[in-house]
Amino acid sequence: MTSLTRADWEQRAKTLKIEGRAFIHGEYRAAASGATFECISPVDGRMLVEVASCDQADAELAVQDARQTFDSGIWSRLAPVKRKDVMIRFADLIDQHAEELALLETLDMGKPISDALGIDVSSAARSIRWSGEAIDKIYDEVAATPHNELGLVTREPIGVVAAIVPWNFPLLMSCWKLGPALSTGNSVILKPSEKSPLTAIRLAQLAIEAGIPAGVLNVLPGYGHTVGKALALHMDVDTLVFTGSTKIAKQLMIYAGESNMKRVWLEAGGKSPNIVFADAPDLQAAAEAAAGAIAFNQGEVCTAGSRLLVENSIKAMFVPMVVEAIKAWKPGNPLDPATNVGALVDTTQMNNVLSYIQAGHDEGATLVAGGKQVLQETGGTYVEPTIFDGVNNAMRIAREEIFGPVLSVIGFESAEEAVQIANDTPYGLAAAVWTSNLSKAHLTAKALRAGSVWVNQYDGGDMTAPFGGFKQSGNGRDKSLHAFDKYTELKATWIKL
Ligand code: NAD
């Protein structure tokens, strides 16, 4: 936690030097075309900085540079223990610049400063450090060969990695990719979202300060359909790693097929079920977690618990508990350390969320909390955490990822019906189950088609466990040693003795 007050943060915001240029081979530079776009803060609508709008020409330059750097071996062939030291320095620098990075994140995408500092920046540093620390502790394999042969099974860096990331956790999603990608020796081109490019741009300079050689990390801000597409179609990008929507994830698979069959690893959307059985050990804790699961980060969370499935026998009692609990989540100025719900990322996203709230009314769900845009006088984009009861799983608010603070409550009769409703979605990112019956907890967890399942909690996990989705929530995993698979090729070398 910080001792800085809202006035302190506002003062710092006034004097903050913000870099908006791209970063190629260790230097900030304008887009080749000279084009820029305005970076507008959702906190109050102020213009923060002109950002370089990169396109194909910049992608070309950055990929060539990344390839040359990779082939030079300056990073890719460095001893793992040396890469480890640099990665740990990189993590230390993120920690040392925590307040600056948190302020950039909050101004850029509207999340509460307490979360930006306490969650995003600290988790970003941890993810870089964890991957760096691991890299000199991983061993390759020797195959079970005949006596006169030696079979080496080794992992090699894959080469040039393009990482395309979203706007909801801009720094953290970048670092989930950069940690394993850089630790394993690749050269990376990071493409942040056009809605929140600022921390990625700043990170590039910290990487250089840490000792990561020029060209190993290039950052290209710009739109998805310009520079993002150029990277995804590039014939010399070996791997594309992505976090974002399922719609764009599918498009990236097409781009890979149309170009060089680059490997494509996708972390996509979700519509996660949070199942509360009548025998939950602590209904108050379950109600508070259900509220937090949709209100945290303004609901702009891929694992948001956006479908609350409640056993019918307790529903009339439990829903008012969630309505009460969500009162603790109130939109406010994100620069106030007491605020726990900030602004939605931009006007487009706010209007999207409001149109889903309208769809909830239109489809006959019952609004029991929130439902409105608030704080219009600030010039920012704020929506109250909203709960609809009486939802059925066929309604749009239950099927589509809203990516905002809108919760759908759905009743169920039996464990079988709960699992059937929970799995009746194209997504499979996360799920939770609340029960004090051990067998029911395990059997339900096994039956849920999701990459993460929580029991009697919501949103647990850290760098030690893999994170990713079943079904149309993606493939591959971020975090843990499993993430290293995305960034390495497996080689078998047979030696005749
Ligand atoms: P998005 O798919 O619109 O954009 C993600 C990134 O892709 C951005 O950088 C964007 O510029 C780029 N992009 C867009 N069109 C492109 C194209 N044609 N070619 C190449 N790149 C392109 O997603 P978003 O709105 O930024 O983020 C929200 C989504 O991210 C949600 O669906 C959320 O569930 C998902 N998400 C998933 C995870 C996870 O780990 N599974 C984590 C966070 C967010």
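Some observations on this one:
- Protein heavy-atom surface of the chain, 1.4 angstrom probe: 54% of the accessible area is carbon and sulfur, with nucleic acids and ligands not counted.
- Rounded to the nearest 20 debye, the dipole magnitude of the range 273-463 is 120 debye, with +1 charges on Lys and Arg beta carbons, -1 on Asp and Glu beta carbons, and the Cα centre as origin.
- When Cys39, Cys302 are compared by accessible surface with a 1.4 Å probe, the order from highest to lowest is Cys302, Cys39.
- Each Lys or Arg adds one and each Asp or Glu subtracts one; over the other residues with Cβ under 12 Å from the Cβ of Gly26, this totals -2.
- With Cα atoms, 0 to 90° folded angle of helix 80-96 axis to the chain main axis: 40
- Take the range 6-268 with all the other protein chains still there, run a 1.4 Å probe, and you get 37 Å² of accessible area per residue.
- Cα centroid separation - the range 81-130 against the range 425-497, whole Å: 24
- Site-free segments of the chain were taken between trypsin sites (Lys or Arg not before Pro) in DSSP loops having at most 14 other Cβ atoms within 10 Å, sites themselves excluded; the longest one is 78-371.
- Net charge contributed by nearby residues that have their C-beta within less than 12 Å of Glu141 (K/R +1, D/E -1): +1
- Relative to the Cα centre, the charge distribution of the chain, modelled as +1 at Lys and Arg Cβ and -1 at Asp and Glu Cβ, gives a dipole magnitude of about 760 debye.
- Summarising the strand pairing of the range 273-463, around 20 percent of its internal DSSP beta bridges are antiparallel.
- Hits among lysines - C-alpha to C-alpha of Lys229 under 18 Å, sequence gap 8 or more where chains match: Lys191, Lys195, Lys247, Lys250, Lys262
- Only the Cβ atoms of Lys and Arg (+1) and of Asp and Glu (-1) were treated as charged; on that basis the dipole of the range 273-332 about its Cα centre amounts to roughly 200 debye.
- Cα long-axis angle, helix 98-109 against the chain (0 to 90 degrees, to the nearest 10): 60
- Since only Gly211, Asn333, Gly269 are under comparison, the one whose Cα sits farthest along the positive direction of the charge dipole of the chain, derived from C-beta charges on Lys, Arg, Asp and Glu, is Gly211.
- Helix 312-325 axis, angle to the chain major axis (alpha carbon atoms, nearest 10°): 70
- Average accessible surface area per residue within the range 312-440, 1.4 Å rolling probe, Å²: 39
- Where only DSSP H runs of four or more residues are counted, the chain gives -11000 deg cm²/dmol as its mean residue ellipticity at 222 nm, each run worth -39500 (n - 2.57).
- Local charge for Thr226 was computed over the other residues whose Cβ lies under 14 Å away, with Lys and Arg +1 and Asp and Glu -1, and equals -2.
- The range 159-200 and the range 38-58 have their alpha-carbon centroids 18 Å apart.
The values are calculated or read from the model by the stated rules, or taken from the named source; none is laboratory data. Since we're looking at a predicted model, the values are computed, not measured. Neighbour counts run over all protein chains shown; Cβ positions are idealised from the backbone, glycine included. In case anyone asks, the SASA skips ligands and DNA or RNA and just uses the protein heavy atoms, side chains included. Shrake-Rupley method; radii C 1.70, N 1.55, O 1.52, S 1.80 Å.
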